[in-house]
1. Sort segment 128-270 into rounded, prolate or oblate with this rule: let a ≥ b ≥ c be the square roots of the eigenvalues of the Cα gyration tensor; rounded if a/c is under 1.5, and if a/c is not under 1.5, prolate when a/b is larger than b/c, oblate otherwise.
2. Which value in nm describes the separation of the simple spin-label points at residue 303 and residue 54, placed 7 Å from the Cα toward the beta carbon?
3. Using the Cα centre of segment 128-270 as the reference point, and only Cβ charges (+1 on K/R, -1 on D/E), how large is the resulting charge dipole? Debye, rounded to the nearest 20.
4. Determine the alpha carbon to alpha carbon distance for each of 166/330; 181/294; 255/294 and list only those over 25 Å.
5. Around residue 128, what is the net charge, scoring Lys/Arg as +1 and Asp/Glu as -1 over all other residues with Cβ under 14 Å from its Cβ?
6. Just 122, 38, 79 to compare: in a GNM of the chain, with alpha carbon springs under 10 Å, which one fluctuates most?
7. Starting from the Cα of residue 14, draw a straight line to each of the lysines and keep only those under 18 Å, dropping any in the same chain fewer than 8 residues away.
8. Return one number: the angle in degrees, 0 to 90 and rounded to the nearest 10, between the long axis of the Cα atoms of helix 278-291 and the longest principal axis of the Cα atoms of the chain.
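What follows is calculated from the coordinates using simple rules that are stated; it is not laboratory data. Here the structure is a predicted model, which is why all the values come from computation and not from measurement. Methodologically, a virtual Cβ is constructed for each residue, glycine included, from the backbone with ideal geometry; neighbour enumeration extends over all protein chains shown.
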Amino acid sequence: MRGIQVNQYVKGPKELQVTELPDPVPRPDQYLIEVHAAATNFFDILQIQGKYQNQPPFPWVAGAEFSGVVLAVPSASSAANPPRFPVGSRVFGASQGAYATRVCVAEPELLAVPAGWSFADAAGLFVTAPTSYGALALRARLRAGEWVLVHAAAGGVGLAAVQVAKALGATVIATAGTPRKLEVARAFGADHVVDYGDPAWPERVRALTPGGRGVDVVYDPVGLVDRSTKCVAWNGRILVVGFAAGSIEKVAMNKVLLKNISIVGIHWGAYARFERETIPVVWEGIGQLIAQGKFRGTVFTDREFVGLESVADALLALGGRETWGKVVVKIPQSGESRL
Ligand SMILES: NC(=O)c1ccc[n+]([C@@H]2O[C@H](COP(=O)([O-])OP(=O)(O)OC[C@H]3O[C@@H](n4cnc5c(N)ncnc54)[C@H](OP(=O)(O)O)[C@@H]3O)[C@@H](O)[C@H]2O)c1
């Protein structure tokens, strides 16, 4: 196969190289997948630099999120224990080594590509959609008619959150940092947009809500909880999703007390460890939204990335905060020029 193998930590994506490598050998519980598209995440950049929480022993292949076609089912499967995805199935998921033409993955990390979806759209679904659905539907218990503020609404989890909140019947206020990103948030369903580069954004958000009462739910992947307390309603819920701004926020707790605020965390990846039974519930909910046409792929389309050689540029664009949605690299297989 071809892939981006990391033999030592690098300073940045520019140093990554695509080389010929032996095909990966699946464990007995793993599928072998032909990769057709791979999505980028900020943690991919941290991992190649040795700064991520999960650093495999050298050498390892970079990348995590992918979509593709099943080439081989787990050797441990049998008539009594049949594989869920037969050879030829279109699948997406996450496993170390997605920046390659082949990747190995166990069944819990694999799902069927939704009907009518491209490989590119499906490659970016595995992390963002369940994080935002789980946060809004399960953790914040969002109800129809409520007002939701989605921060960094044009980012990967943000665009998923905008769509989920709209589908659940909420009115959505989206924040982002550039006119283009605000336009994208609107295109994915946001009712109102606010540039959070303007220091007066909390007042502007509050002024949009009925009677200036504030929003019922805040979805925060950035680290804006403290300032969001200024525009949240009585009994509001603030979802702590991430810290894209780079530092872990500290919050003045008197603000939480004064408005009866609930601060609610979400760690989607940890459901596999602590609450596995909820994972299919979340995917069932997402599947229904997709079938109803209320949730679509969020692939960044302002620039195209094709071939493993363009992974470095895709990671640089993502890290440079130039992109929106999911930055996905199409990986044409032999005889396939476009996906
Ligand atoms: N809790 C969970 O289970 C879970 C799951 C997935 C991801 N996350 C976390 O959620 C966060 C967002 O993930 P994502 O996949 O949506 O990332 P992303 O696609 O890179 O989007 C992040 C957004 O954050 C905004 N941002 C604000 N300050 C920034 C800064 N200093 N540098 C870079 N971006 C900044 C940017 O929008 P503007 O340019 O408009 O400001 C950007 O669009 C990350 O911290 C990630 O680790 C958490």
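1. rounded
2. Modelled inter-label distance: 2.7 nm.
3. The calculated dipole for segment 128-270 is roughly 240 debye.
4. Over 25 Å Cα-Cα: 166/330; 255/294.
5. 0
6. 79
7. Straight-line reach from residue 14, under 18 Å: 51.
8. For 278-291 against the chain, the angle is about 80 degrees.
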